[in-house]
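What follows is a short report on a single structure.
The values are calculated or read from the model by the stated rules, or taken from the named source; none is laboratory data. Note that the structure is a prediction, hence the values are computed from the model and not measured. All Cβ positions, glycine included, derive from the backbone under ideal geometry; neighbour counts span all protein chains shown. In case anyone asks, the SASA skips ligands and DNA or RNA and just uses the protein heavy atoms, side chains included. Shrake-Rupley method; radii C 1.70, N 1.55, O 1.52, S 1.80 Å.
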Amino acid sequence: MLSETELKVYNELRKRKVATAEELSNVLNLPLSTVSSVVYLLKQKGLAEVDEREIETYELTPEGKERLEKGLPEELLISALQGRPASVQELREKLGNDLEIALMWAKRKKLVEISNGLVRPLVSSYVAEDERKALADPSKGDPDALKVLVSRGLLRKKRVKEITVSLTEEMEVAEPQQVITVLTSDIIKSGAWKNAKIRPFNVEAFPRFFPLGKKHFFREFLERIRDVMRSLGFSEVSGDYVEMELYNFDLLFQPQDHPAREIHDSFTLGLKARSAPGDLLERVRRMHEESWKYRWNQEIALRLMLRSQTTAVTARILATKPEPPVRVFTIGKVFRPDTIDATHLIEFHQLDGLVIEEGYSFRDLLSDLKEIFYRMGVKEVKFKPAYFPFTEPSVEVYGRIEGLGWVEMCGAGMLRDEILRAVDVSTQAGAWGIGLDRLAMFFNHLNDIRLLYSYEVEFLRRARGSLNADDSG
Amino acid sequence: MPTIVVNKWDLLSSLKVSEGELEDLLFNLKSETKEVDPDHLEIEINNDRPDLLHPFGIKRAVDGLLERALGEPKYEVVESGYTLRVHQVPSRPYALAAVVYDVKLSGERLNELIQFQEKLHVTVGRKRTKVAIGLHDLSKVTSKVIEYKEVPLSTKFVPLNQKEEMTVSDVLERTDQGRAYGRISVRDGKSPAIIEDNGSILSVPPIINAEKTRLEEGTKDLFVDVTGTSFEAVSFTLDLIVATLAEGGSRIGLVKVEGLSGVARSPVLRRYNVRAETEYVNRRLGTSFSEDEMVRLLRMARMEATASKGIIEVTVPPYRADVLAQSDVAEEIAQVYGYRRLEPSKQRFRRPGSFLPITSLTRALRDLSVGAGFLEIYTFAFIRKEYLWGDFVTVANPVTEEYTAIRNSLMPSALLFLSRNQNARMPVKVFEVNDVVVKDETTDTGYRNVPRAIYAIMDYQVSYEQLQAPLHAILEDLGLRPVYKETSAEPLIEGRAAQIYSGDKVIGVIGEVRPEFLEKFDLRFPVVLAEIYLDSLLTASRGNSSS
């Protein structure tokens, strides 16, 4: 059975008996490469003889192409002379760099005489017929003209394969039936398919690469956490990466000489905030000086940094003196200097939560934390007493992770009265911060935190998100 | 958090508990343990409990938790007959001293004491800037009157662990201690010093002690000096040291202090009272402890407490400084009671909360982008500043030159991502939704996060329309009618770049990347990309952001 193209070539051959691939390509309006491969297919099927030879042909050089279009230099010279003698000087203006070549060939062809710097034409007009013919179609060119043109650098020799095909014998091709490779709308409409066969494909071969659109597994993890928080009655808030120390530290009762505030523990910008509420600064000053017994420096509080904890967003919310009940959360990037390796990055994600509710107690806080982790997929937690400057009592949450045991996951506590007084909130409040990157690593069985931010597209194409909140029911 | 290393068998035998019980008890004291070798444990101590930085302090706390001893221990205090004369030292004005008898510095005891001193230097002492401690063998102190004053840097003495006399200047320049701490308190060519009245130097705080009074195995009695810039911190540190050693059976010797107003003798052994309402404590914890239970729990925390008419009166002992207010009393009660015994309350039914509009928009956009065949990427906010153009934030203390700035556009991140994937199977079609940071004169910091989305296609050949078509469909699905106006903008090819408008608002930019920029990112493939300004989109699209 022959394909549509094979059939075309075969039928043409039946008319001609012998033809070159090039001829077939021209007649059938098919690319030469297609014809070349089809004739070999015909040979395989025993329908044709194929003879392949190397032959010598000529092709135009870029200069040859240009000369053919604009004229050979000697032609240009004769037309520039317009039948009258002219000085070399004059001619240089008209012919430029072509002048020497033009004079040489014009003299050799006896078209001009030169004496005393004066060029005298011997003909009134000139067309280099032989050369032009040879340039236009080297295959029909005069052998002498071809030789000259090669020496003038206008043509160059080229060796090509010439394929000659001839029919072996008049084999009966079963039904000169049409074979359909691509079933098109036209074929269906015209009904042409009724007398045709549809060519079978190799359906067992693997396909070419197909780029799939896919969500990022870590980003999906963060979205699932957002779902968990919303389901527990929390509303989302957000804040900026660039923050002043006031909200990242001072309002959170962190003394200005606290070790966590040392230069190597946060990224500083070397810039100052443009403004901060005066009464808030005053209240924070009093809070620090009364409790920690040192001189609080407002300039330090106004320094800009990249936030080192999303608790800065909590602090911003507190500074607005919100009306209870408040149940808010934020998820975002935080920044801390560190040595980058498989377990440390200088930017990572935290989830911070804040509850301000009448009667909200430490046991209510433990309950919220337990429920958040349960819904994230951490079914077993334990609580450890802890110390954070801005909460009292403070607690660390440890979760049990398959294969790893108890892992520290969260710092939390009841906001200190000193802070609530500074922002004029009289209701009890609980707050927490959870590092999300390590959790994402556990759930996705990754041992390198950098894979959460992979710059390798093939890794992302392979990666499959395996969490999570709702899959363990 | 500071850690200490202790001899496991010593500690277990003094506490009379098993290893498992010890781990449990320390967990409830905010501490974690880790075995460093079969004989030693490393214990992590929280910053608010420096009293646990010595095994005696741990024993005092554990005795309380196990109810073997309640309330504040009674330590023996005697007169020592020594005097500390404090002169004007502007760079480090406060100094106090004490004598401790019968310390029995044998075996591990000496190491524990040195470790205690070092850990206090780091924590309470803020690396010796705020407080520094000098420990001396009392038997080698040859005068009854000790002076604290400034001495010229040319003063000579034999520093600890040296054989030859050195000047203070030499110590500053030639010893590790001098180089690490020498700058803290030296002013105008003078350094603070603790000196005997015969002129021989005992220590040059906060740098180093003299060899003369070095502690040794078998040292029986101690002379302790504490100097610093905060009277409260100096006084507390001395109280903590003597009270801790006293817990091990030593007696505290009082030193007469001259020249400091308000202090006649040290250690001060300060106690102060904090009052807490029982109703407050129960409300904060969600408990219903009686007055008596609270008093019992506080005494288990090794504090004295009394209660009447709903008020608890706590006397904070000299070895604690972290109980400042009612909330600290509540924590003390909860901690001794045990967090694991505090049952989390029942969850109440609650209505769902809400997402920010940007979260809902982002979710819709991500769904559509994936549908359009783009792979989601998630990259760092930090980037090399050379990759950015326009106004952006740089950090003053970067840790590597790879990450010196925070991006102001997602375009450089996408180009960087693509440049690392030139050997991947083509085409690479990616998108990312993330925040960038831009200058904004209207905010209090002068900067603002803005949400953006980036789309990029890299292949052997790409075209403007190849990206415009899916993007257009995405934007239309979000309810917009995008129109395109030719623009010239970095890093896009002139004539193949457009701003995307919705109404009169610019919501993004799209175009093919200029070869100069491809080169800058080492890209050998053409790239077409688009950045969408989601903050503009939020106000431009209506009715699509509710969840």
Exercise for review: Scan the stretch B:498-525 residue by residue and report those that are within 21 Å of B:PRO427 (Cα to Cα) and open to solvent by less than 40 Å² (accessible area, probe 1.4 Å).
Suggested key: B:ILE510, B:GLY511, B:GLU512, B:VAL513, B:PHE517, B:LEU518, B:PHE521, B:LEU523, B:PHE525
Review point. Just to be sure, is B:LEU215 open to solvent by less than 10 Å² (accessible area, probe 1.4 Å), closer than 25 Å to B:PRO318 by Cβ and of a type in the set (A, V, I, L, M)?
Key: no
Review point. In the stretch A:332-349, what count of residues is obtained for those that are touching a residue at least 60 places away in the same chain (Cβ under 8 Å) and buried (at least 23 other Cβ atoms within 10 Å of the Cβ)?
Key: 1
Check your understanding: Which ones in the stretch B:431-446 are open to solvent by less than 10 Å² (accessible area, probe 1.4 Å) and either facing chain A (nearest Cβ under 7 Å) or at pLDDT below 95 (or both)?
Key -> B:VAL437, B:THR445, B:GLY446
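Going by what's in this entry, would B:LYS74 be described as assigned to a loop (DSSP other than H, G, I, E, B) and either within 14 Å of chain A (Cβ to nearest Cβ) or open to solvent by less than 10 Å² (accessible area, probe 1.4 Å) (or both)? Reasoning before the result, please.
Details: assigned to a loop (DSSP other than H, G, I, E, B): yes; either within 14 Å of chain A (Cβ to nearest Cβ) or open to solvent by less than 10 Å² (accessible area, probe 1.4 Å) (or both): no.
No, not satisfied.
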Check your understanding: Any idea which residue in the stretch A:241-259 is nearest to A:ASN297 (Cα to Cα), counting only those that are surrounded by fewer than 22 Cβ atoms within 10 Å (Cβ to Cβ) and more than 9 Å from chain B (Cβ to nearest Cβ)?
Key -> A:GLN256
Exercise for review: Could you list, in sequence order, all residues of the stretch B:153-180 that are open to solvent by less than 40 Å² (accessible area, probe 1.4 Å) and either of a type in the set (Ser, Thr, Tyr) or without any contact (Cβ under 8 Å) to a residue 12 or more places away in the chain (or both)?
Suggested key: B:THR155, B:MET166, B:THR167, B:SER169, B:THR175
Practice item. Could you list, in sequence order, all residues of the stretch A:420-450 that are within 28 Å of A:PRO211 (Cβ to Cβ), at pLDDT 90 or above and in contact with a Phe, Trp or Tyr (Cβ under 7 Å, 6 or more places away or on another chain)? Key: A:ASP437, A:ALA440
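With the requirement that a residue be touching a strand residue (DSSP E or B) at 6+ places or on another chain (Cβ under 9 Å), part of a loop (DSSP other than H, G, I, E, B) and open to solvent by 20 Å² or more (accessible area, probe 1.4 Å), what does the stretch B:311-324 give you? I'd like the intermediate steps shown before the answer.
We begin by selecting, within the stretch B:311-324, every residue touching a strand residue (DSSP E or B) at 6+ places or on another chain (Cβ under 9 Å); these are B:311-317, B:322-324.
If we keep only those that are part of a loop (DSSP other than H, G, I, E, B) too, we end up with B:317, B:322-324.
B:ASP322, B:LEU324 - these are the residues of the stretch B:311-324 that are touching a strand residue (DSSP E or B) at 6+ places or on another chain (Cβ under 9 Å), part of a loop (DSSP other than H, G, I, E, B) and open to solvent by 20 Å² or more (accessible area, probe 1.4 Å).
Within the stretch B:381-401, work out how many residues are of a type in the set (Phe, Trp, Tyr), within 12 Å of chain A (Cβ to nearest Cβ) and more than 24 Å from the chain's Cα centre (by Cα). Give the steps one after another, and end with the answer.
Filtering the stretch B:381-401 down to residues of a type in the set (Phe, Trp, Tyr) leaves B:382, B:387, B:389, B:392.
Those left that are additionally within 12 Å of chain A (Cβ to nearest Cβ): B:382, B:392.
Filter again for more than 24 Å from the chain's Cα centre (by Cα), leaving B:392.
The total comes to 1.
Taking the residues in the stretch B:335-362 that are assigned to a helix (DSSP H, G or I) and at the interface with another protein chain (Cβ under 7 Å from one of its Cβ atoms) as candidates, determine which candidate is farthest from the chain's Cα centre (by Cα). Reasoning before the result, please.
Just the residues of the stretch B:335-362 that are assigned to a helix (DSSP H, G or I), to begin with: B:335-337, B:339-341, B:357-362.
The next check asks that each one be at the interface with another protein chain (Cβ under 7 Å from one of its Cβ atoms); those that pass are B:335, B:339-340, B:359.
Working: B:GLN335: 22, B:TYR339: 24, B:ARG340: 26, B:THR359: 32 Å.
Residue satisfying both the conditions and the ranking: B:THR359.
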Check your understanding: Can you tell me which residue in the stretch A:292-313 is farthest from the other protein chains (Cβ to nearest Cβ), limited to those that are open to solvent by less than 30 Å² (accessible area, probe 1.4 Å) and in a helix (DSSP H, G or I)?
Key -> A:THR311
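Which one is nearest to the other protein chains (Cβ to nearest Cβ), of the residues in the stretch A:266-291 that are basic (Lys, Arg) and farther than 28 Å from B:ALA381 by Cβ? Before the answer, list the steps.
Of the residues in the stretch A:266-291, the ones basic (Lys, Arg) are A:272, A:274, A:283, A:285-286.
Filter once more, keeping what is farther than 28 Å from B:ALA381 by Cβ: A:283, A:285-286.
Values: A:ARG283: 16, A:ARG285: 17, A:ARG286: 14 Å.
Across the stretch A:266-291, the extreme among qualifying residues is A:ARG286.
For every residue, the table says whether it meets (1) open to solvent by less than 80 Å² (accessible area, probe 1.4 Å); (2) over 20 Å from A:LEU167 (Cβ atoms).
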position: A:GLU12; (1), (2): yes, no
position: A:ALA19; (1), (2): yes, no
position: A:SER33; (1), (2): no, yes
position: A:LYS45; (1), (2): no, no
position: A:LEU60; (1), (2): yes, yes
position: A:LEU68; (1), (2): yes, yes
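Taking the stretch B:443-474, which residues are without any contact (Cβ under 8 Å) to a residue 40 or more places away in the chain and outside any loop (DSSP other than H, G, I, E, B)?
If we filter the stretch B:443-474 for residues that are without any contact (Cβ under 8 Å) to a residue 40 or more places away in the chain, which is where we start, we get B:443-446, B:448-449, B:465, B:469, B:472.
Once the filter is applied, which keeps residues that are without any contact (Cβ under 8 Å) to a residue 40 or more places away in the chain and outside any loop (DSSP other than H, G, I, E, B), the stretch B:443-474 yields B:ARG448, B:ASN449, B:GLU465, B:ALA469, B:HIS472.
State which residue is nearest to the chain's Cα centre (by Cα) when the search covers only the stretch B:295-320 and only residues that are among the aliphatic types (A, V, I, L, M) and closer than 13 Å to B:LEU70 by Cβ.
As a first pass, look at the stretch B:295-320 and keep what is among the aliphatic types (A, V, I, L, M): B:295, B:297-298, B:300-301, B:303, B:305, B:307, B:311-312, B:314, B:316.
With the extra rule that they be closer than 13 Å to B:LEU70 by Cβ, the set shrinks to B:295, B:297-298, B:300-301, B:303, B:305.
On the way: B:VAL295: 33, B:LEU297: 29, B:LEU298: 28, B:MET300: 29, B:ALA301: 25, B:MET303: 28, B:ALA305: 32 Å.
Per the stated criteria, the residue is B:ALA301.
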Revision key, fill the gap. Only unsatisfied item for B:TYR272, checking (1) more than 9 Å from chain A (Cβ to nearest Cβ); (2) within 23 Å of A:PHE383 (Cβ to Cβ), is (2)
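Regarding A:THR339, is this residue polar (S, T, N, Q) and at pLDDT 95 or above? Can you show your working first?
Working: polar (S, T, N, Q): yes; at pLDDT 95 or above: no.
Criteria not met by A:THR339.
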Review point. Can you spot a residue in the stretch B:381-392 that is assigned to a loop (DSSP other than H, G, I, E, B), under 24 Å from B:LEU518 (Cα atoms) and aliphatic (A, V, I, L, M)?
Key: yes
Practice item. Would you be able to say whether some residue in the stretch B:467-477 is farther than 16 Å from B:LEU365 by Cα and open to solvent by 20 Å² or more (accessible area, probe 1.4 Å)? Key: no
Practice item. State whether one or more residues within the stretch A:272-288 are under 36 Å from the mean Cα position of the chain (by Cα) and outside the structural domain of A:PHE388 (by TED's automatic domain parsing). Key: no
Exercise for review: For the stretch A:227-240, indicate whether the set of residues that are open to solvent by 20 Å² or more (accessible area, probe 1.4 Å), under 30 Å from A:LEU460 (Cβ atoms), without any contact (Cβ under 8 Å) to a residue 60 or more places away in the chain and in contact with a strand residue (DSSP E or B) (Cβ under 7 Å, 6 or more places away or on another chain) is non-empty.
Suggested key: no
Exercise for review: Answer yes or no: is there a residue in the stretch B:406-420 that is closer than 20 Å to A:ARG461 by Cβ, within 9 Å of chain A (Cβ to nearest Cβ) and assigned to a strand (DSSP E or B).
Suggested key: no
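Among the strands (runs of 3 or more DSSP E) contained in the stretch A:363-425, which hold 1 or more residues that are more than 22 Å from A:PRO255 (Cβ to Cβ) and over 45 Å from the mean Cα position of the chain (by Cα)?
Counting at least 1 such residues, we get A:381-388.
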Review point. So which residues in the stretch B:95-112 are modelled with pLDDT of 95 or more and open to solvent by less than 10 Å² (accessible area, probe 1.4 Å)?
Key: B:ALA95, B:LEU96, B:ALA97, B:ALA98, B:VAL99, B:VAL100
**Study point:** Failed item, numbered, when A:ARG224 is tested on (1) open to solvent by 10 Å² or more (accessible area, probe 1.4 Å); (2) in a helix (DSSP H, G or I); (3) outside the structural domain of A:ALA431 (by TED's automatic domain parsing)
**Key:** (3)
Review point. Restricting the stretch A:202-227 to residues that are aromatic (Phe, Trp, Tyr) and within 7 Å of chain B (Cβ to nearest Cβ), which is nearest to the chain's Cα centre (by Cα)?
Key: A:PHE209
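Answer yes if at least one residue in the stretch B:212-225 is closer than 14 Å to B:SER91 by Cβ and either within 32 Å of the chain's Cα centre (by Cα) or assigned to a strand (DSSP E or B) (or both), and no otherwise. Reasoning before the result, please.
Initial filter on the stretch B:212-225 (closer than 14 Å to B:SER91 by Cβ): none.
No, that holds for no residue.
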